[in-house]
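In what follows, a structure is listed as structure tokens, so that the remarks can point back to it.
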Amino acid sequence: MKTLVLLFLTACAVHAASLPEAAKIDSLLAADWQKNNLQANAPASDDVLVRRLYLDIAGRIPTVEERQDFISSNDPQKRAKLIDNLLGSDGYTSHMFNYFADLLRLTDNTKGKITAEAYEEWMKKELKANTPYDQLVKKLLTTEGGVWDSGSIGFYQRDENKLDHLAYTVQVFLGTSIVCAQCHNHPFDKWTQMDYYGMAAFTYGMDTKGGGANEIKIPKKPQAGKQLPEFLAKMSPKERRAYVKAHPEEIAKLKEEAKKPSASNEDLQQVRKALGDVMKPLRYTSVTNHDGKLPMLPDDYKYDDGKPGQTIEARAIFGHDAKPKEGQTRVQAFADWMANPENPRFTTVIANRMWKKVFGLGLIEPVDEMTDSTVPSNPALMEYLTQLMIEKQYSLKSFLRVLYNTDTYQRAAGTQEIALGEISHFTGPMLRRMSAEQVWDSFITLTKGNLDGAVDDENQRLHQYMNDLSLFLTTMKEKGPEGIIAAAKEGMAQRKANDQKLDELRAKMAEQKEKGAASPADAKMLANAANKLRRDTTNDLLENLVGEERAEALIKGYNPQKKPEMKRPKLDKTTLANLSKEQRKDLLKNAAASNMVAARASELPSPARPGHILRTFGQSDREVIDNANEDASVPQALTLLNGPIAESLTSPISRLSQQLAKAGQPDQKVALLYEALLSRRPTPQESATLDSVLRERGNQAIPDITHALITGSQFLFIQ
């Protein structure tokens, strides 16, 4: 009997799944269900599935029109086609960016905002292009150069501490927590402190502090100039000997002049000081690989396998060797070792992460604490998924396409909570609460419609400024130390005078502070005067170095482009005519609320500022890997009832409000609300319950019904 059940389940899976790989996954799950006397969940309806697919792939609920197009279609392949369309959409880019931003801790709140924004833009472009995951990881690990070369340098700029960065890298890409071994041998795993430093040696030479004055070598002490002028240097040795013999006195004078230093000690000190201010825009904008640089064991190292201060060579902690091939750097060898099908964890980790993203729980949990004793909940399935990722050549879209096309994914969600330590047998996907970004982007859809096309627009201002920085650095390198010293000496007298004034201002500020005689206004005035002197000094030198036009662009600095705002409400004449005087008066307020919800989460600062709706709903602070929180809270309920989101949704200028205005009778408005918010029509029981309310209150009940729906679990959960 069990065999017949298994054959029946497998046959159903093969029939439902449009891809042979999806059918294989269903058969492996079916075998596990039979073994554990389980039944698959019921098939999900089109209403449930269309909403789930939009949320899981595009990160938002479907519009009313998108939902109706899917429901009304009689195409037997409409589910597979929708999956393909969504995987090819900019909504997928936005949603996957949010996922990787959490995983890689992408944040604007780092030193070097320019690099942070370029990193985010780079990541979106790579995801949109479906860059194979192994190649994506290699690009991140081997990135080098200026931010104008590639925004991927943000990967290393994210953490100043190289040892910490190594721990994050291993945890994200290998699903292995070795952070404890940074300070001592791991208490719960086999990793030693020596193992940690051996791994850290691969990336220890990645210098994130270059790009500024370090790129330009100004001598610390006065040095003699050239021995002979340029015209002599261009002569052949025979011509030069003849000239020297014919002009002995001239040559003697030239040699004497050449021995004189090009600048005094005081001049060089002024140049280095001024250069430090001038080069500030280039800080945190480049990564340089010093391949010979290796870590040393800490002073308190206490184990027998090494001594404090000992230099440690690079060594992989498991798997095959990671020795550089001819012409390779250590970090290139590390990248080849990391993103390799032979690496025992790399492929398994990303396959497991994608499975969890689709089904709500990993076959291995936690996903980033794998050990040698870790056993997947379904070993055969995990092995197949790992091989499938390799067969798909690490194309995440191709891999996800298989998972979404499985019969199991297209079944009703499981509502039974899986306790820590228990095993899920995946008789369907897990019931999940929307992430903060999915909540936000769903409200964007309700208030503005489909804004997927606005994702990944290139930041022209950012690229313009990065080009300015690149040209600036190129100019500085072309001038060389001698040219820079010469340019600096042009305004040396004025800078010395400014420095003297600065010293006087600082002394005056210190004196007033000591006596307690300075008012806040006086202190601010003195500070502003000091800052102006410092800026003037820097700006003058910039103009001497790169010219007035280019200096102006650098002085202006980088200011992110502001997204265009809606200047006035756009309402049709009929809707406008039906508004009361009080409603018209509130339009400006409503317009402001609507503009607060005007861009997808992926286009907002990463992460949003504390207190923002995204943070209220649990968006990660990007300090810890995968740090989002999907727990419910009282502030969330209050935000949905009284916050800007509610105002934006019920505003007369929102897309939903304008659709409701055209819907006709109150019962038709309710039906539209259910389609817009829940992607389904109300059930007969719900309609019966609401009929009496609508008869009593008519259109006045619509805002209350709207609030009831958006605060309910059916809206906030992915069924």
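Since every read-out is calculated from the coordinates, none of them should be taken as a lab result. Given the structure is predicted, the values throughout are model-derived calculations rather than measurements. Neighbour counts are summed over all protein chains in view; Cβ atoms, including those assigned to glycine, are modelled from backbone coordinates with ideal geometry.
Things to note:
- Residues whose placed amide H lies under 5 Å from that of R411, excluding near-sequence neighbours: A44
- Listed peptides 501-511, 58-68 by packing density, highest first (mean Cβ within 10 Å): 58-68, 501-511
- Inter-label distance, N559 to S633: 3.3 nm, where each label sits 7 Å from its Cα along the C-beta direction.
- The label point for E511 and the one for N74, both projected 7 Å from the Cα toward the Cβ, are 9.4 nm apart.
- Two-site FRET efficiency, Q387 against E482, from Cβ-Cβ distance with R₀ of 51 Å, rounded to 0.05: 0.25
- Taken along the Cα-to-beta-carbon direction at a fixed 7 Å, the label points for R695 and E342 span 7.7 nm.
- As a rough guide to protection, the peptides 142-153, 244-255 ranked by mean Cβ packing within 10 Å, highest first, stand as 142-153, 244-255.
- Spatially proximal aspartates and glutamates relative to K113 (Cα-Cα < 12 Å; intrachain offsets below 8 disregarded): none
- Stretching D372 away from Q658 to a fully extended chain increases their span by 97.2 nm, per 0.36 nm per residue minus the current alpha-carbon distance.
- FRET efficiency, 1/(1 + (r/R0)^6) with R0 60 Å, evaluated for Q310 and K532 via beta carbons: 0.70
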